[in-house]
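The next block holds one structure in the form of structure tokens; read it before the comments.
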Amino acid sequence: MINLTSLDITNKNLVIRVDMNAPITDGIVADASRIRACIPTIKLALENNAKVLLISHLGRPEEGKFEEKFSMKPVAESLSGIINQEVGLVDRLDSEDIFKSAFNIQILENIRFFKGEKANDKDLGNTLANLGDIYVFDAFGTAHREQASTHSAIEQSKIACAGLLLEREIDFLTKALNDYQNPYVAIIGGAKVSTKLELIKYINNVADNIIVGGGIANTFILASGLNVGKSLIEENMLDTAKSILDQGKIILPKTAITSESFEGKNINKKLISDIKDDEMILDLCIEEETTQLINEAQTILWNGPMGVFENKAFEEGTKDLSLSIAKSKAFSLAGGGETLSAINKYIKPDDVSYCSTGGGAFLEFMEGKALPAIKVLNSKENGR
Ligand code: AMP
């Protein structure tokens with residue numbers, strides 16, 4: 001794969017696919033983390049007198065239709081504040097004119113307003129590929145999607161390369177996947193086994209222990225023969241959970257916080273062997289044994305909360321886990337939207353070796369899958 005740093009970009013026109021899919025509330029960016037993550041590549045371009053056209057999607061608009069609530073306008077304003085210069089907003093794909101603009105940084109309207117994005121349309125890909133001199137892919141969060149701006153444009157551009165964020169993501173994620181040190185502890189929490197099954201199976205090959213949490217733990221607890229009452233479980237995952245349990249790497253929780261409702265009716269702390277039929281497990285306690293595993297680990301992978309941490313009554317497990325990971329000297333990698341909000345809530349991103357910007361892309365990469373955008377970027381190297 002060609003990296004941006006290996007190319008001469010002086011005075012060039014760069015089209016950069018970024019992931020600026022930021023949450024918008026009342027027309028204002030509510031959390032600019034995703035925009036900030038793109039700054040290193042943009043700065044490098046500007047330092048080399050290159051002009052930049054940014055491309056991103058935002059939300060899920062109906063394709064081919066402009067919808068104000070999915071406009072990139074708030075993103076352009078937020079970026080302008082962060083980088084301290086004006087950012088132009090472009091709503092047409094006109095290769096003749098775009099880089100003639102006085103703005104050094106421009107952002108294209110939501111790429112999902114353009115017909116053909118989702119279908120990986122060759123014509124749209126070709127238009128994007130020919131807008132500038134170099135097509136830079138820096139949107140790790142969308143690298144698992146085979147769409148016009150994440151695949152066809154890369155395939156058809158004269159020169160396509162990885163931006164600084166993508167390069168960093170690949171370096172850190174590869175370290176946890178192929179170049180890790182043992183003991184290796186994976187912590188997999190969140191709502192459902194089905195969405196993380198491939199990750200659990202793949203990580204089972206590399207990790208020494210897998211600490212399960214959240215709704216995922218419930219299915220494993222039930223598979224181990226214990227009662228979980230009204231807890232969230234996945235019946236159709238029970239046989240799979242049993243066979244994974246038999247491989248001996250899953251660490252089941254011992255103590256849970258239960259309630260009779262999500263709102264917190266009759267909250268109790270109890271052993272997982274004592275759960276009653278009308279109770280739900282909504283949080284798990286971090287045992288001494290778990291803290292010790294984290295302390296002794298050389299590599300930690302974390303995805304998914306221990307409980308319904310959005311509610312203060314059920315945050316203890318996720319909070320204690322965050323604090324243990326922050327104290328550990330291991331190489332620690334975290335990914336997933338809920339995991340990053342927990343990190344921002346209880347510790348700091350700097351307390352973890354690396355926080356991935358990807359949700360679905362992070363999971364697929366860590367499942368050992370080849371992501372379409374990365375695959376096509378790799379094939380460009382062959383044609384160099
Ligand atoms: P995920 O996106 O799969 O990582 O799931 C995150 C969500 O799982 C969070 O919003 C949590 O509220 C939810 N969650 C965690 N533990 C439980 C549980 N025991 N029961 C139901 N939902 C849970």
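Computed values, structure above
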{"read-out": "Selected residue (only one of G225, G229 is more than 19 Å from L301 (Cα to Cα), more than 15 Å from the ligand (Cβ to nearest atom) and part of a loop (DSSP other than H, G, I, E, B))", "value": "G225"}
{"read-out": "Cβ-Cβ under 8 Å pairs, at least 6 apart or on other chains, the range 290-303 side among the aromatic types (F, W, Y), far side outside any loop (DSSP other than H, G, I, E, B)", "value": "W302/A186; W302/I187; W302/L321; W302/I325; W302/S332; W302/L333; W302/A334; W302/T339"}
{"read-out": "Criterion violated by S194 - all others in (1) surrounded by fewer than 22 Cβ atoms within 10 Å (Cβ to Cβ); (2) within 16 Å of the ligand (Cβ to nearest atom); (3) under 23 Å from V376 (Cα atoms); (4) among the small types (G, A, S) satisfied", "value": "(3)"}
{"read-out": "R168 being of a type in the set (K, R) and part of a helix (DSSP H, G or I)", "value": "yes"}
{"read-out": "Hits in the range 169-191 (condition: open to solvent by 20 Å² or more (accessible area, probe 1.4 Å) and within 15 Å of the ligand (Cβ to nearest atom))", "value": "A191"}
{"read-out": "Any hit, the range 44-55, residues being under 23 Å from the mean Cα position of the chain (by Cα) and either assigned to a loop (DSSP other than H, G, I, E, B) or more than 24 Å from A129 (Cβ to Cβ) (or both)", "value": "no"}
{"read-out": "Selection from the range 337-384 of residues that are touching a residue at least 12 places away in the same chain (Cβ under 8 Å), under 17 Å from F172 (Cα atoms) and of a type in the set (A, V, I, L, M)", "value": "L340, V352, A361, L363, M366, L371, I374"}
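The values are calculated or read from the model by the stated rules, or taken from the named source; none is laboratory data. Just so it is clear, the model here is predicted, and its values are computed rather than measured. Note: ideal-geometry Cβ built from the backbone for every residue, glycine included; neighbour counts use all protein chains shown. Surface accessibility is based on the protein's heavy atoms, side chains included, excluding ligands, DNA and RNA. Shrake-Rupley method; radii C 1.70, N 1.55, O 1.52, S 1.80 Å.
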